[in-house]
1. Take Leu23, Leu64, Leu32 and order them by how many other Cβ atoms sit within 10 Å, fewest up front.
2. Could you pull out every one of the lysines with an alpha carbon less than 24 Å from that of Lys40, ignoring same-chain neighbours closer than 8 positions?
3. How far is the Cα center of region 102-134 from the Cα center of region 70-92, in Å?
4. Add -39500 (n - 2.57) for each DSSP H run of 4 or more in the chain, then divide by its residues: what number comes out at 222 nm, to the nearest 500 deg cm²/dmol?
5. With labels modelled as points extended 7 Å from the Cα through the Cβ direction, what inter-label distance (nm, one decimal) is found for Met70 paired with Arg123?
6. What's the extension gain from Asp97 to Ile47 if we count 0.36 nm per residue and subtract their Cα-Cα distance?
7. If you take the square roots of the eigenvalues of the alpha-carbon gyration tensor of the chain and sort them as a ≥ b ≥ c, do you get rounded (a/c under 1.5), prolate (a/b over b/c) or oblate?
8. With +1 on each Lys and Arg Cβ and -1 on each Asp and Glu Cβ, how big is the dipole of the chain about its Cα centre, in debye rounded to the nearest 20?
Amino acid sequence: MAVNNPYQAYQNNSVTTASPGELTLMLYNGCLKFTNLAKKAVHENNIEEKNINIQKAQNIIQELMVTLNMELEVSKNMMSLYDFMQHLLIEANIKNDIAAIEEVEELVTEFRDTWKQVIQLNRQQQYAAQGGQA
């Protein structure tokens, strides 16, 4: 049974029509959303919510790890950083460590912001290659 929710329809459409670069950006933003919710849950001593949201953030990082092209040197470096973030999230979950969550947030924010710049540069190059025509 389909739910007639325009917001859900928009979200589904935005994911299915997004480029691979935009999907990566969505993953970074989703990870930040879940780490924020996890921090809130730690402050509220809501262990179940903390666990759920940290696991969602871990799942996103796992997805980012799977999509790396390991033939590229930069991907090997990214894999190490993603692995480090996974370790931090495990520690945060076990010890209710907000500082570990915040460290992950800092890294993810840097990746997201860099990725956003890459997408913008790519679009500018495509636009220029088309002679400035839409």
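Each value in this text was obtained by applying a stated rule to the coordinates, not by laboratory testing. As the structure is a computational prediction, the values presented were derived from the model and not from experiment. With ideal geometry, Cβ positions are generated from the backbone for all residues, glycine too; neighbour counts draw on all protein chains shown.
1. On the way: Leu23 14, Leu64 20, Leu32 17.
Lowest count first: Leu23, Leu32, Leu64.
2. Straight-line reach from Lys40, under 24 Å: Lys50, Lys56, Lys95.
3. 21
4. Working: 5 runs with 110 residues, N = 134.
Helix-only estimate at 222 nm: -28500 deg cm²/dmol.
5. 3.3
6. Working: separation 50, 0.36 × 50 = 18.00 nm, distance 1.19 nm.
Extending this stretch completely gives an extra 16.8 nm.
7. Working: a/c = 2.41, a/b = 1.40, b/c = 1.72.
Because a/c hits 1.5 or more and a/b fails to exceed b/c, the chain counts as oblate.
8. Details: 10 positive and 16 negative charges, 84 e Å.
Once rounded to the nearest 20, the dipole reads 400 debye.
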